[in-house]
Amino acid sequence: MNTDFEENSWVINYSPDNYYNRKFSLQEDMQLSKGDKSITWVNTYGLEYMDEFRQMVNENGLDDFLLRLLLNQKMGNKVIVLEDQLFIAARILKTEHDSMESEQMYFVVSKDFNWCIQEMWGDHFDWIRQRIFENKGIIRKKKADYLLFFILETLITNYKDKYEDIVIMENALEALVKREPTPEFMFEVEQKKALIQEFKKASHGLRDIIIRLERVEIKGFQTKYFSELREQINGLITDIDSDIMELESQINLFFSVQGHRLNEVMKTLTIFSVVFIPLTFLAGIYGMNFDNMPELQWKYGYFVLLGLMLVVTIISIIIFKRKKWF
């Protein structure tokens, strides 16, 4: 009867001449190094199989320090050299869904095997498997370091594709200046900024791993492949930094435009207020109910007051025009 570990693990073994792909078996596939020219690639989905991990480490004569490393499920990004093996821990963004969860991912790599352990189910490595099955390119002629290069390149490519799909900066300025600073809009802006920061954090983590891989010195492990990856991830980080600066600039411009609109409204209201203040003063005086107000007995007093109000209004407008207040 298969264990949960076997149900959630797959093994691919390949050489220039042939390959096999099947569910992992603790009885048949325990030995990672076959002692020939073949490369073994094991994928395990789940971090809770510590008994099986211990069995794998012991049966393959791996450094038992791996068990302590695998117990730490929140390790982040690490590259550790253990005798003839390389341990890599990476915190990876899951780009399959819009929620953008992160998962812990481990690699135990030697010259002839790559044991990949993921926290969650699913990956983007099917195109690599297909190249192995169809013997495309040179992957079946290379060692496990080349397979690791392909896996890391796939992660970078997924970041680029997902980033371009979600974080669209084009025509954002026109949309921003037409929006009102509502709480919903501000929440949307903060979500966008948080998403960009998530990509930036994940990309920096991958870059740190790649830089450390370039300095690794293990017999049979080629580091020349990772220089290209460093250029790719640096390009993505540059794009992210550029988008962050553009978004900040757009936000500042948005609030500047909104502030200008508010100033224009306040200026218009102020002009109307200044115009009507003397008119309100005059109306207030002649609205008082004193008996001895001689102007109340004038035949043309009403029209004279209206004329005076008109003159005051015209003079106020002329003054505003000369001062270029509108």
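Here are the numbers for this structure:
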| item | result |
| --- | --- |
| Of all accessible heavy-atom area on the chain, the percent that carbon and sulfur account for (1.4 Å) | 54 |
| Long-range HN-HN contacts of Asn114 with modeled amide H, under 5 Å | Thr40, Trp41, Val42 |
| The chain: most fluctuating residue of Ile88, Ile128, Ile196 per GNM, C-alpha cutoff 10 Å | Ile128 |
| Whole-number percent relative contact order across the chain, with pairs defined as alpha carbons under 8 Å at least 6 apart | 13 |
| Highest-fluctuation residue, Pro16, Pro294, Pro278 considered, GNM on the chain with Cα pairs under 10 Å | Pro294 |
| Heavy-atom accessible area per residue - region 230-308, 1.4 Å, Å² | 72 |
| Magnitude of the charge dipole, the chain, Cβ model with Lys/Arg +1 and Asp/Glu -1, debye to 20 | 1600 |
| Tensor-based shape of region 37-143 (alpha-carbon gyration tensor, a/c under 1.5 rounded, otherwise prolate or oblate) | oblate |
| Region 1-106, relative contact order in percent, only Cα pairs under 8 angstrom and at least six apart counted | 17 |
| The chain - mean residue ellipticity at 222 nm from DSSP helices (-39,500 (n - 2.57) per run, n ≥ 4, rounded to 500) | -18000 deg cm²/dmol |
| Residue-count net charge about Glu214 - beta-carbon cut-off 9 Å; Lys, Arg +1, Asp, Glu -1 | +4 |
| nm² value of the averaged projected area, convex hull over the Cα atoms of the chain | 28.6 |
| Cα-centre dipole for region 182-232 with unit charges at Cβ (Lys and Arg positive, Asp and Glu negative), debye to 20 | 320 |
| Fluctuation leader among Ile139, Ile244, Ile285 - the chain, Gaussian network, Cα springs under 10 angstrom | Ile285 |
| Solvent-accessible area per residue for region 59-150 (1.4 angstrom probe, square angstrom) | 44 |
| Taking only Cα atoms of region 210-307, radius of gyration then Dmax in Å | 37.1, 115 |
| Cα-based helix-to-principal-axis angle, 301-322 vs the chain, degrees rounded to 10 | 40 |
| Between helix 50-59 and the chain: long-axis angle, C-alpha atoms, 0 to 90°, nearest 10 | 40 |
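The values are calculated or read from the model by the stated rules, or taken from the named source; none is laboratory data. The structure presented is a predicted model; accordingly, all values stated were derived computationally and were not measured. We place every Cβ from the backbone using ideal geometry, glycine too, and count neighbours over all the protein chains shown. The accessibility values were calculated without ligands, DNA or RNA, using every heavy atom of the protein model including side chains. Shrake-Rupley method; radii C 1.70, N 1.55, O 1.52, S 1.80 Å.
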